[in-house]
Amino acid sequence: MTDPTWYRRSYRRNLVDMHIEDWDPAFLSQFDPDKYFALLQTAQVQSAMIYLQSHVGLCNWDTASGHTHATFTDCTRKMQRLFDLCHGAGMDVIAYYSLIYNNAAYVEHPDWRLRDINGHSTRFDRGQGQYFGGSRYGLCCPNNPGYRDFVLAQLDEIFDRFVFEGIFLDMTFWTRVCYCDACKARWRKEHDGELPTVCDWSDPEWRALQFKREEWMGDFCRMVTAKIKSRNPNCAVEHQYSTMMHNWRQGVNHNIAENSDYCGGDFYGGISQHSIACKMYYNMTLNQPFEYMTSRCYPGLSEHTTTKTYDMLAQSVMATLMHHGAALLIDAIDPKGTLDPSIYECYGKIYGEARKYEKYMEGEMVQDVGVLFNLEAKYNPGGKIDDPAMPHPDAAVGASRYLLRAHVPYGVYGNWRPEKMTAAKVLVLGDAYDLPADVVKTVTDYVAGGGRVYMSGRVNPELVETLLGVRPDGVLGGGMTYMVPTAAGQPLFADHNHDYPLAYKAPMVRLPNAGNGKVLATIALPYQAPALAGEPKPDASDGFDYAAPNARFVSIHANPPGVYVDNPSLVYAEYGKGRVVYSAAAFEAHDRPANGAVLVKILNMLTDDLGGWSFSADAPAQVEIVQFTVADKKRHYVNLINSVDAFELPTLGDIKVRVRVAGKVKQVLALPEEKPVTFVEKDGCVEIAVDRLKICRSFAIDWE
């Protein structure tokens, strides 16, 4: 019987990618389960994720439903041997299975193929004498009944042959809008009519299709999870969920999280993405710890022989652990079936250090500021199907980046289970269009009861109207607009003022007036060239268009402010017992020197009567701080992470951290040595000096 709680004590995990074809007899011919297992021991791995199948669709067992890997001889026995060795050493085994991405099934069953608007599939699909696609990946449609039955049959075979504690279902997402016969039939059955073919976010039919795609992916995910639980209720299920931060095409919102025992997925966007993903996983997962995966290859798995430096790998593992998550490092097998021992020696050093911190993985993350990542707004409202822009995620990520640099305690919340957000002192809703109705109600009630909110840009107009008493009406400006501080708002803007306002490289939302609020900034637009009417018209015989938009300007390199209008760009209001600041510009989305300071000052103003942030610091902007509190033990854990994105991390120093404590401090311990640290108590805070930060540092603060 598998242990249903194994993942709660597992923080050191490993995966070896085995997406290997079988057209060469050498492929996987040297796979040795004993050598594989020995390397897992060298790496000090607690839980091993092991391939039973891959994107190529070939099975690493003798299958009746699919295709067994032809050159992986005696594969069932070898994989069973590997599973047994792991179990014998106390390691958990997580089976790997690839959904949707399945080349073998794609080739054998053309009717299962996911197809684009022109009927083309992904892998060398022949039509009218030509080949289309050309991708290495053959994708099957999760709406196809035959493919769905095939997946269930494959899972039955796996459970008939292997014993394991968990299973990872990779690639549970769409890659495009599918127009295969199965999708067309399901749409007609559930919605009537034909599938929309034009990406237009103002079209109710297109939006209905996107909702259906999310619903269908959730249904597929739920079907797979239910099958697994029917075979072993104690088997932990994890679906790929790095897609929570990817765009709308994947059809992923909370549908993956609610069908997984814990959240996890692989990321490759560096340490800043790492930080945000960990915080969002922490709040989205049904059970802790979440799992953060990344490859040992740099910059990703495409460079098989390029390995990240020790510092980069250690930073990834320790940053995950400092967020109380489980770290999983991804290697990739050599085509012949061997592994590089030096990689696992490196893992062993890193995991050997990481395991010293595992006994401190307790408590609740301190999240004074809650940044909303709206899972329904991963698209550009004015964009077309190939538009990669995602304004709302850009604003959420931008706000998170600024809070990290300013050492403000923050978390990132999805819009699923919005009641979780109300524990924060203040919420950030950056350009948060398309908030679901339950989120709008939660935010409204939160503010009425005393909560604080900063919101910007295209956040739902009805929410702005409720909280401010004025409804947004269109936009002002074009590619450059400016926020002009009023006398009341000037303290928020530092060096920016009436003559040198804060630049915003986009149109602003138009507020006709301030409603029930106070104007903290208005809008300036660039100088406007006068019309040519009434002036001597230049001779256009040379073919130059003197009426073209860029024909007349004030400064050839820029568009300085020149037209000042009264419309508000920043408004403060009170609603019920709470406070609100609305910005017509989602300036937090743009990485500029002044923008972060303005955002933090706004948040400070909104919360100036709440006793200050739970921690603060005098430290370089690259120092990330994450705090956990164990209330019943009267203990804080304060974790520092060097978030410099570099091959070799510089040693940082001269850092002072201040943490609010509810009583008299008994001791401060440097972890994991539990060595006493000198401290100073002042104004309800304990201050500690950190003289050296290379990868991470962790401290325990006990009070009475």
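Read-outs: derived from the displayed coordinates by stated rules, not from any lab. Everything numeric here is computed off the predicted structure, so don't read it as measured data. A quick note on method: Cβ atoms are made from the backbone with ideal geometry, for glycine too, and the neighbour counts reach across all protein chains shown.
Taking the Kirkwood radius as the inverse of the mean 1/r across Cα pairs, report the Rg/Rh of segment 616-703. Spell out each step's value before the answer.
Values: Rg = 12.9 Å, Rh = 13.3 Å.
With Rh from the inverse mean 1/r over Cα pairs, Rg/Rh is 0.97.
Where does the chain land at 222 nm, in deg cm²/dmol rounded to the nearest 500, when only DSSP H runs of n ≥ 4 count, each adding -39500 (n - 2.57), divided by all residues? Intermediate results must be reported in sequence, preceding the final value.
On the way: 13 runs with 174 residues, N = 704.
That calculation yields -8000 deg cm²/dmol at 222 nm.
Kindly put HIS109, HIS254 in sequence by how many other C-beta atoms sit within 10 Å of each C-beta, fewest to most. Write down the numbers at each step before the final one.
Details: HIS109 15, HIS254 18.
So the ranking, lowest neighbour count to highest, is HIS109, HIS254.
Assigning unit charges at the beta carbon (Lys, Arg +1; Asp, Glu -1) and nothing else, what dipole magnitude in debye, to the nearest 20, does segment 400-499 show about its Cα centre? Numbers along the way, then the final one.
Numbers: 9 positive and 10 negative charges, 82 e Å.
The calculated dipole for segment 400-499 is roughly 400 debye.
Report, ordered by chain and residue number, the lysines lying within cross-link reach of LYS78, taken as a straight Cα distance under 26 Å and ignoring same-chain residues fewer than 8 apart.
List returned: LYS35, LYS227, LYS229, LYS336.
Quick check: pseudo-label points 7 Å beyond the Cα along Cα→Cβ at GLU303 and SER342, how many nm apart are they?
It is 1.5 nm.
Which ³J(HN,Hα) values, rounded to whole Hz and listed in residue order, are derived for segment 602-615 from phi using the Karplus coefficients 6.51, -1.76 and 1.60 in 6.51 cos²θ - 1.76 cosθ + 1.60 with θ = phi - 60°, glycine and proline given as x?
Residue by residue, segment 602-615 yields 4, 5, 4, 5, 5, 10, 5, 9, 9, x, x, 6, 5, 8 Hz.
Return the distance in nm (one decimal) between the two label points of a simple spin-label model at ALA529 and VAL630, each offset 7 Å from Cα along Cα→Cβ.
The answer from the label model is 6.8 nm.
Give me, ordered by chain and number, the residues 5 or more places off CYS59 or on other chains with an amide H under 5 Å from its own placed amide H.
Amide H neighbours of CYS59: HIS67, THR68, HIS69.
For ASP200 and THR678, what is the calculated FRET efficiency with R₀ set at 51 Å and r taken between the beta-carbons, to the nearest 0.05?
Values: r = 63 Å, r/R0 = 1.23.
Computed FRET efficiency for ASP200 and THR678 comes out at 0.20.
Of the labelled options [x] 16, 50, 29, 4, 1, 0; [y] 15, 33, 27, 16, 8, 2, 0; [z] 16, 45, 32, 7, 0, which one gives P(r) over Cα pairs in 20 Å bins from 0, in percent as computed for this structure?
Comparing each candidate, only [z] matches the computed number.
If the cut-off is 12 Å between C-alpha atoms, which aspartates and glutamates fall inside it for LYS184, apart from same-chain ones fewer than 8 positions away?
Excluding near neighbours in sequence, the set is ASP116, ASP192, GLU194.
What number comes out for the charge environment of ALA689, summing +1 per Lys or Arg and -1 per Asp or Glu over other residues with Cβ under 9 Å away? Provide the component values of the computation, followed by the final result.
Working: positive: LYS656; negative: ASP654, GLU687, ASP691.
Surrounding charge for ALA689 is -2.
Between ALA594 and VAL475, what is 0.36 nm times their sequence separation minus the Cα-Cα distance? Round to one decimal in nm.
That works out to 40.5 nm of additional length.
Among 463-470, 246-253, what's the highest-first ranking by average C-beta atoms within 10 angstrom per residue? Kindly include the intermediate steps, with their values, before the conclusion.
On the way: 463-470: 20.5, 246-253: 22.0.
In decreasing order of mean packing, 463-470, 246-253 become 246-253, 463-470.
So for ASP368, ASP654, fewest C-beta neighbours within 10 Å to most, what's the order? Numbers along the way, then the final one.
On the way: ASP368 22, ASP654 12.
Ranking ASP368, ASP654 by Cβ neighbours within 10 Å, fewest first, gives ASP654, ASP368.
Give the relative contact order (percent, whole number) for segment 6-361; include only Cα pairs under 8 Å separated by 6+ residues. Don't skip to the answer; put the middle values down first.
Details: 654 pairs, mean separation 70.9, N = 356.
RCO, segment 6-361: 20 percent.
Angle, helix 310-322 long axis vs. longest principal axis of the chain, Cα atoms, 0 to 90°, nearest 10?
Around 80 degrees separate the two axes.
Sequence-distant or interchain residues sharing an amide H contact under 5 Å with TYR413, placed H: which?
VAL371, LEU372, PHE373
Which ³J(HN,Hα) values in Hz, rounded to whole numbers, follow from the phi angles of segment 85-97 under the Karplus curve 6.51 cos²θ - 1.76 cosθ + 1.60, where θ = phi - 60° and Gly and Pro get x?
4, 4, 5, x, 9, x, 7, 7, 10, 10, 6, 10, 9
Measure nothing fancy, just the Cα-based angle from helix 341-354's long axis to the longest principal axis of the chain, in degrees from 0 to 90, nearest 10.
Long axis of 341-354 versus the principal axis of the chain: about 60 degrees.
Among 691-699, 391-399, 184-192, 602-610, what's the highest-first ranking by average C-beta atoms within 10 angstrom per residue?
Details: 691-699: 18.3, 391-399: 25.6, 184-192: 13.4, 602-610: 16.7.
Most protected by this proxy first, the peptides run 391-399, 691-699, 602-610, 184-192.
Any idea what the relative contact order of segment 369-606 is, in percent, if you count C-alpha pairs under 8 Å spaced at least 6 apart? Intermediate results must be reported in sequence, preceding the final value.
Numbers: 507 pairs, mean separation 55.7, N = 238.
Result for segment 369-606 is 23 percent.
Under a point-charge model restricted to the Cβ atoms of Lys and Arg (+1) and Asp and Glu (-1), what is the dipole moment magnitude of segment 159-264 relative to its Cα centre, in debye to the nearest 20? Please report the intermediate quantities before stating the final value.
On the way: 14 positive and 16 negative charges, 52 e Å.
Dipole size: approximately 260 debye.
Let me know the volume per residue of the alpha-carbon convex hull for segment 6-361, in Å³.
138 Å³
Based only on the alpha carbon positions, what is the Kirkwood hydrodynamic radius of segment 369-606, in angstrom? Each step should come with its number before you reach the end.
Values: mean 1/r = 0.0534 Å⁻¹.
In segment 369-606 this quantity evaluates to 18.7 Å.
Could you calculate the contour length gain from GLU364 to GLU108, that is, 0.36 nm times the residue separation minus the distance between their Cα atoms, to one decimal place in nm?
Values: separation 256, 0.36 × 256 = 92.16 nm, distance 4.97 nm.
Between GLU364 and GLU108, full extension yields 87.2 nm more.
Using Cα pairs closer than 8 Å and at least 6 residues apart in sequence, work out the relative contact order for segment 616-703, in percent. Intermediate values should be presented prior to the final figure.
Values: 179 pairs, mean separation 31.9, N = 88.
It rounds to 36 percent for segment 616-703.
Determine the dipole magnitude for segment 616-703: charges of +1 sit on the beta-carbon of Lys and Arg, -1 on that of Asp and Glu, nothing else is charged, the reference point is the Cα centre, and the result goes in debye to the nearest 20.
380 debye
Which lysines does LYS577 reach when only Cα atoms under 18 Å apart count, and residues fewer than 8 places away in its own chain are ignored?
Partners within reach: LYS425, LYS441, LYS518.
Please list the three semi-axes, largest first and in whole Å, of the ellipsoid equivalent to segment 70-223, using sqrt of 5 times the eigenvalues of its alpha carbon gyration tensor. Walk me through the numbers before you get to the answer.
Numbers: eigenvalues 244, 76, 31 Å².
After diagonalising the Cα gyration tensor, the semi-axes are 35, 19, 12 Å.
What order do you get for 34-41, 576-583, 305-312 when each peptide is scored by the mean count of other beta carbon atoms within 10 Å, highest first? Before the final figure, lay out the partial values.
Details: 34-41: 17.4, 576-583: 21.9, 305-312: 15.2.
Taking the mean over residues of other Cβ atoms within 10 Å, the ranking is 576-583, 34-41, 305-312.
Given segment 24-118, what whole percent of its Cα pairs are spread farther than 22 Å? List each step's numbers first, then the result.
Working: 1680 of 4465 pairs.
The share of Cα pairs beyond 22 Å in segment 24-118 comes to 38 percent.
What angle, in degrees between 0 and 90 and rounded to the nearest 10, separates the Cα long axis of helix 181-190 from the longest principal axis of the Cα atoms of the chain?
Once rounded, the angle reads 60 degrees.
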